[in-house]
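The values are calculated or read from the model by the stated rules, or taken from the named source; none is laboratory data. Note that the coordinates shown come from a computational prediction; the quantities given were computed from them, not determined experimentally. Quick reminder, even Gly has a Cβ in these numbers, built from the backbone with ideal geometry, and neighbours come from all protein chains shown. Surface areas here come from the heavy atoms of the whole protein model, side chains and all, with no ligands, DNA or RNA. Shrake-Rupley method; radii C 1.70, N 1.55, O 1.52, S 1.80 Å.
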Amino acid sequence: MSTIKHCLTVVAAVALVSGAAQANENLLELQDNSELWALQLGNYAGNRHSRLDQIDRDNVQDLRATWQFSTGVLRGHEGGPLYVGDGRLYIHTPFPNRVFALDIEDEGRIVWMYEPDQDPRVVPIMCCDTVNRGLAYADGRLFLAQADNTVIALSAEDGELLWSAKNGDHTRGESMTMSPLVVNNKVIVGNSGGEFGVRGHITAYNAETGEQEWRGYSTGPDSEVLLDPETTLMMGEPVGEADLGVSTWPEGEWEIGGGAPWGWVTYDPELNLIYYGSGNPGTWNPAQRAVDGEPADNKWSITVFARDADTGMAKWVYQKVPFDEWDYDGVNENQLIDVEMNGEERKGLAIIDRTGFGFLLDRETGELLVAEKFAPETNWATHYDMDTGRPVVDPDYSTFTQGTDVNTTDICPTAMGAKNMQPSSYSPDTGLIYAGINRICMNYEPHEVEYTSGQPYVGATLTMMPAPGDNGMEGRMGSFMAWDPVAGEVVWEVEERFAVWSGALTTAGNLAFYGTLEGYVKAVDIENGDELWRFKTPSGIIGNVNTFQHNGKQYIAVLSGVGGWAGIGLAAGLTDPEEGLGAVGVFSALEDYTKLGGVLTVFALPD
Amino acid sequence: MRTKQKQAAVVCAVAALALFMLAGKIAISNEEPRYRVEDGKVDDNIFRGYQAYTRACMACHGPDGVGSSFAPSLLRAAERRTFAEFARTVAEGQEIQPGQVMPSFSDDAFVMEHVSDIYTYLSARAAGDLGRGRPQRIEEDE
């Protein structure tokens, strides 16, 4: 047994004795140990970077699968394995949300398995597959956000259920897909259900007891959003006006206003702020969210929130897309990176956004510093006004201007976003962000829709096609890119046949890893994107590539298992927009490459 | 669209469908679906079926009825299933494999009103009379 394991056991024991130990102290320790992968995003800052360098540019071609494990679940597998130094990998599955503890030293023998008992009626209200983005760990406990809105804590030792808390109601369209984050002895988790007219909220539960500590809504009165118009900042100034979460909606619409924060949460321990984005507003038909026939901001949908981790109070807000007309769901991860800009050190927050724009904000004040297109086909907005922080929308691609029951064509990017939830990676060595990208555009036709509790509340139909060919990527629907968050420029980019829907990883071995929808895990040179190694897993990858070191050996591990929105949209290929009526799926069909099935694959160099 | 009269009609239609199903017969169950496609343009039934499909079914069954990683192709279903079988599945839902859930639409007036249009649209797609994408109506642009 490694010394690390003993050392950790001691740490865990001390934490248990002292009782009130802050969970983030434990996690801070774990994230600083480069051998571990204790958080889904690698660290609180969301960087998905590892300082391990045993596997490097020179030997990566020798990397081989050491063992594989089938989860027995067919749906899309997002998220990835956790390694906290106890000789096990902890993994999860989509609905029915199994949790496995696997023995690394016995090639994945099941130490224990937990399977919750959930109402299958939650399955059809999960709009885009029954995915789950993974476990959180702190102080010997594992935390999971079940599809049926139950937050649970399990003993990592034996899988015993320690507590459970009800976070929502699936009969009203609420569900959960996200990975919780543990901060200051609180488990922070948000709801899903933006396509069912839910009201988005993020909630903190006591990590030891499961008691609710605070809840902040994405819409509604300030008292429930946990926002103070005199002190909460927007673009560096106080918000000013009260209850914008009510007044920027037609009468009562905020109650079904969406803004579900189903993506990743990051945390800055020095500022004691958590960061996350809220989802799309209620119906996709913008006309039903207009006030007096005019566009209305629908606050605080598609908004980056910086909240005090202990009270939930919003320190600042930045609405990326006021009055959404394209379903540019604002949940993408907020990477916390320290940058130098115009000779000044800044605490930055970088987003590779659904909208096709790469943002850089000041994470202390929420000021917008950079907003540039990373996907050149992006056309819904020409640019962002850096003084107001608002996008300048092109009326040709405004589905509100074009109108209800009008098919607005050739909007880029698609509602899937130029990047979806797949979390990016930041390398402090290169100062660049690495991300999987979708190169897909859409036609969008809004229609009137009536709200019925528990029923879809969508109000638009859309068709998707690959981004236009003049981007030099004929027939390609994805890419993997290196992005300079300060200059706002793509540094290099490699093409992929399909949208890249997996989380990225960078390592001190000068490597970047990602997975493809066909099922390849790839390692590329961090300097230029040259492919150095690939392996075909049994099914398409929408999970994240993670790394850790156990008994002196570095491992790479990934969950494969195609599904999610990518699987629904791309299974049978897309049509050629030029072909018009009668088009067949000329662009590669995902179903020709891969089928369903969740598998964990663990790689290492030969001895 | 949303008048009281229409609502009442829908409720009646649903009730009628349910009755037919109870009696084990649906008036048109053994007939080939009738539709008109001219120069790639479609009649109102198909167009309404396309709209209803994209609004209510596409999120799971994928674009244009082709199926997805989440739910099977409905082109195949339209070929292999009678309208009665098809309508029963839509009304009652289905879960053959655990966790693979086709919801029941019996409470969804919009869908129940359009089941036969959806079936017609999918049949036209399955027969190869209609390609992928948003079809144009025969009256449009004329």
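Of the residues making up the range A:265-294, just one is in contact with a helix residue (DSSP H, G or I) (Cβ under 6 Å, 6 or more places away or on another chain) and either among the polar types (S, T, N, Q) or open to solvent by 10 Å² or more (accessible area, probe 1.4 Å) (or both), namely A:280.
Within the range A:413-442, take every residue that is part of a strand (DSSP E or B) and either open to solvent by 10 Å² or more (accessible area, probe 1.4 Å) or charged (D, E, K, R) (or both) and give me the one that is farthest from residue A:515 (Cα to Cα). Ranking the candidates gives A:432 first.
Within the range A:149-164, the set of residues being in contact with a Gly (Cβ under 9 Å, 6 or more places away or on another chain) and either within 21 Å of residue A:280 (Cα to Cα) or open to solvent by less than 10 Å² (accessible area, probe 1.4 Å) (or both) comprises A:149, A:151, A:152, A:153, A:156. Annotation for the range A:586-600: at least one member residue is surrounded by fewer than 24 Cβ atoms within 10 Å (Cβ to Cβ), touching a Leu at 6+ places or on another chain (Cβ under 7 Å), more than 9 Å from chain B (Cβ to nearest Cβ) and at pLDDT 90 or above. Checked against (1) open to solvent by 10 Å² or more (accessible area, probe 1.4 Å); (2) among the aromatic types (Phe, Trp, Tyr); (3) in contact with an Asp or Glu (Cβ under 8 Å, 6 or more places away or on another chain), residue A:44 meets all criteria but (1).
Check whether at least one residue in the range B:77-90 is within 17 Å of residue B:48 (Cα to Cα), open to solvent by 20 Å² or more (accessible area, probe 1.4 Å) and of a type in the set (Asp, Glu), and report yes or no. No. Could you tell me which of the residues B:38, B:113 is out of contact with any helix residue (DSSP H, G or I) (no Cβ under 6 Å at 6 or more places or on another chain), within 30 Å of residue A:409 (Cα to Cα), more than 9 Å from chain A (Cβ to nearest Cβ) and open to solvent by 30 Å² or more (accessible area, probe 1.4 Å)? Going through B:38, B:113 in turn, just one is out of contact with any helix residue (DSSP H, G or I) (no Cβ under 6 Å at 6 or more places or on another chain), within 30 Å of residue A:409 (Cα to Cα), more than 9 Å from chain A (Cβ to nearest Cβ) and open to solvent by 30 Å² or more (accessible area, probe 1.4 Å): B:38. Scan the range A:562-571 and tell me whether some residue there is modelled with pLDDT under 90 and either among the hydroxyl-bearing types (Ser, Thr, Tyr) or assigned to a loop (DSSP other than H, G, I, E, B) (or both). Looking through the range A:562-571, at least one residue is modelled with pLDDT under 90 and either among the hydroxyl-bearing types (Ser, Thr, Tyr) or assigned to a loop (DSSP other than H, G, I, E, B) (or both).
All conditions in (1) closer than 17 Å to residue A:91 by Cα; (2) free of Cβ contacts under 8 Å to residues at least 40 places away in the same chain hold for residue A:503, with the sole exception of (2). Quick one: in the range A:43-77, of everything that is hydroxyl-bearing (Ser, Thr, Tyr) and part of a loop (DSSP other than H, G, I, E, B), which residue is farthest from residue A:518 (Cα to Cα)? Result: A:44. If I go through the range A:207-232 residue by residue, how many of them are within 13 Å of residue A:185 (Cα to Cα) and open to solvent by 30 Å² or more (accessible area, probe 1.4 Å)? The number of residues fulfilling the criteria is 5.
Within 30 Å of residue B:71 (Cβ to Cβ), at pLDDT 50 or above and open to solvent by 40 Å² or more (accessible area, probe 1.4 Å): is that true of residue A:76 in this structure? It is false that residue A:76 is within 30 Å of residue B:71 (Cβ to Cβ), at pLDDT 50 or above and open to solvent by 40 Å² or more (accessible area, probe 1.4 Å).
Residues that are within 24 Å of residue A:195 (Cβ to Cβ) number at least 2 in the following strands (runs of 3 or more DSSP E) confined to the range A:309-384: A:314-319, A:344-352. Comparison of A:170, A:201 shows that the only residue that is closer than 25 Å to residue A:42 by Cα and either within 24 Å of the chain's Cα centre (by Cα) or open to solvent by less than 30 Å² (accessible area, probe 1.4 Å) (or both) is A:201. For the range A:237-264, the candidate set comprises residues that are assigned to a strand (DSSP E or B) and farther than 30 Å from residue A:406 by Cα; within that set, the residue that is least open to solvent (accessible area, probe 1.4 Å) is A:238.
Any idea which residue in the range A:102-130 is nearest to residue A:149 (Cα to Cα), counting only those that are open to solvent by less than 40 Å² (accessible area, probe 1.4 Å) and assigned to a loop (DSSP other than H, G, I, E, B)? The qualifying residue nearest to residue A:149 (Cα to Cα) is A:118. Of the numbered conditions (1) open to solvent by 30 Å² or more (accessible area, probe 1.4 Å); (2) within 20 Å of the chain's Cα centre (by Cα); (3) of a type in the set (Gly, Ala, Ser), residue A:343 satisfies every one except a single condition; which is it? In the conditions (1) open to solvent by 30 Å² or more (accessible area, probe 1.4 Å); (2) within 20 Å of the chain's Cα centre (by Cα); (3) of a type in the set (Gly, Ala, Ser), residue A:343 misses (2) alone. If you filter the range B:99-109 down to residues that are without any contact (Cβ under 8 Å) to a residue 60 or more places away in the chain and under 15 Å from the mean Cα position of the chain (by Cα), you find that the one that is nearest to the other protein chains (Cβ to nearest Cβ) is B:103. Assessment of the range B:118-130 against the conditions (at the interface with another protein chain (Cβ under 8 Å from one of its Cβ atoms) and either under 24 Å from residue A:447 (Cα atoms) or open to solvent by 50 Å² or more (accessible area, probe 1.4 Å) (or both)) yields at least one matching residue. At least 2 residues being at positive phi is the threshold, and among the strands (runs of 3 or more DSSP E) wholly inside the range A:163-232 not one reaches it.
Residues that are within 14 Å of chain B (Cβ to nearest Cβ), assigned to a strand (DSSP E or B) and open to solvent by less than 30 Å² (accessible area, probe 1.4 Å) do occur in the range A:465-483, at least one of them. If you check A:297, A:310 for being more than 21 Å from the chain's Cα centre (by Cα), at pLDDT 95 or above, closer than 30 Å to residue A:128 by Cα and open to solvent by 10 Å² or more (accessible area, probe 1.4 Å), only one passes: A:297. Take residue A:491 and tell me if it is in contact with a Gly (Cβ under 6 Å, 6 or more places away or on another chain), assigned to a strand (DSSP E or B) and at pLDDT 95 or above. In short, no.
Residue pairs whose Cβ atoms lie under 8 Å apart, separated by 6 or more positions or on different chains, with the first residue in the range B:79-98 and within 14 Å of chain A (Cβ to nearest Cβ) and the second assigned to a strand (DSSP E or B), are B:89/B:102; B:93/B:102; B:94/B:102; B:95/B:102. Could you please let me know if residue A:270 is free of Cβ contacts under 8 Å to residues at least 24 places away in the same chain and part of a loop (DSSP other than H, G, I, E, B)? For residue A:270, the condition - free of Cβ contacts under 8 Å to residues at least 24 places away in the same chain and part of a loop (DSSP other than H, G, I, E, B) - is met. Output yes when any residue across the range A:351-363 is open to solvent by 40 Å² or more (accessible area, probe 1.4 Å) and modelled with pLDDT of 95 or more, and no when none is. No: the range A:351-363 contains no residue that is open to solvent by 40 Å² or more (accessible area, probe 1.4 Å) and modelled with pLDDT of 95 or more.
Number of residues in the range A:511-548 that are surrounded by 18 or more Cβ atoms within 10 Å (Cβ to Cβ) and out of contact with any strand residue (DSSP E or B) (no Cβ under 7 Å at 6 or more places or on another chain) equals 3.
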